[in-house]
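What follows draws every value from the coordinates through simple rules; no lab data is involved. Note that the coordinates shown come from a computational prediction; the quantities given were computed from them, not determined experimentally. Note that each Cβ is placed from the backbone with ideal geometry, even for glycine, and that neighbours are counted across all protein chains shown.
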């Protein structure tokens, strides 16, 4: 590296989805969203809500943190807006928490919709009292430093998924799914079809009709099925 690294690199403005587009994803389970996105966008299964009842929908604001450091996460609050989801990429750092309860309380105060951390958090009782959805790999008492280098709103890879500021995120008990802003209109249209198909299937099951979970005849081109009894 030539010279000293910049402590923080910040992008303040970026395209955001319209409320109409965001509303197209409202109340959609993450499973529906990833189905509409052809099985894409789902973060690593280790990123889960602190409570099973937590869920969210919002626009991504991103923070890239260095190992054992949370400077970008701390500063990110000053560049987020009501309804945003703060996505903190910590590369799965399992040595120190990136955020705690006081930070989360302020995030709730300014209207942040949720917090997604590809790493750890701490102060779990306080985080729960803050009453804001927190999705994380886990928790520990150790805290990181505030030295950097870090980046805000330059895009991250969180839970194995590339996320840019302005992308749409959905979270529930199953995990988190991210939809790139440039593909959100297409995914939203497909999501409408998924909702209808799932509702029809559920109605059939509730009426006692068995669904076709597999198609024996369709397997003929791949060797078919061999019964051994």
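Note on residue 202 and residue 12: the extension gain reaches 64.0 nm, defined as 0.36 nm multiplied by sequence separation minus the Cα-Cα distance. Over the stretch 157-229, Cα pairs under 8 Å with separation of 6+ residues give a relative contact order of 14 percent. Fewest neighbouring Cβ atoms within 10 Å first, the residues 106, 214 line up as 214, 106.
What percent do you get for the relative contact order of the stretch 36-131 when only Cα pairs under 8 Å and 6+ apart count? Relative CO of the stretch 36-131 lands at 28 percent.
Exposure proxy for 45, 139: other Cβ atoms within 10 Å of each Cβ, ordered fewest to most, give 45, 139. Placing pseudo-labels 7 Å out from each Cα toward the beta carbon at residue 209 and residue 106 gives an inter-label distance of 5.6 nm.
Calculated [222 nm] ellipticity per residue, helices only, for the chain: -7000 deg cm²/dmol; basis is -39500 (n - 2.57) per DSSP H run with n ≥ 4, divided by all residues, nearest 500.
Centre-to-centre separation between the Cα atoms of the stretch 76-152 and those of the stretch 187-216: 37 Å. Which one, (i) 26, 23, 17; (ii) 37, 21, 14; (iii) 37, 19, 18, gives semi-axes √(5λ) of the Cα gyration tensor in Å as derived from the coordinates shown? The calculated read-out lines up with (iii). The relative contact order of the stretch 8-198, computed from alpha carbon pairs under 8 Å that lie at least 6 residues apart in sequence, is 34 percent. Of 204, 48, 210, the sequence from fewest to most neighbouring Cβ atoms within 10 angstrom is 210, 204, 48. Using the Cβ-Cβ distance between residue 216 and residue 192 with R0 = 25 Å, the FRET efficiency computed as 1/(1 + (r/R0)^6) comes to roughly 0.20.
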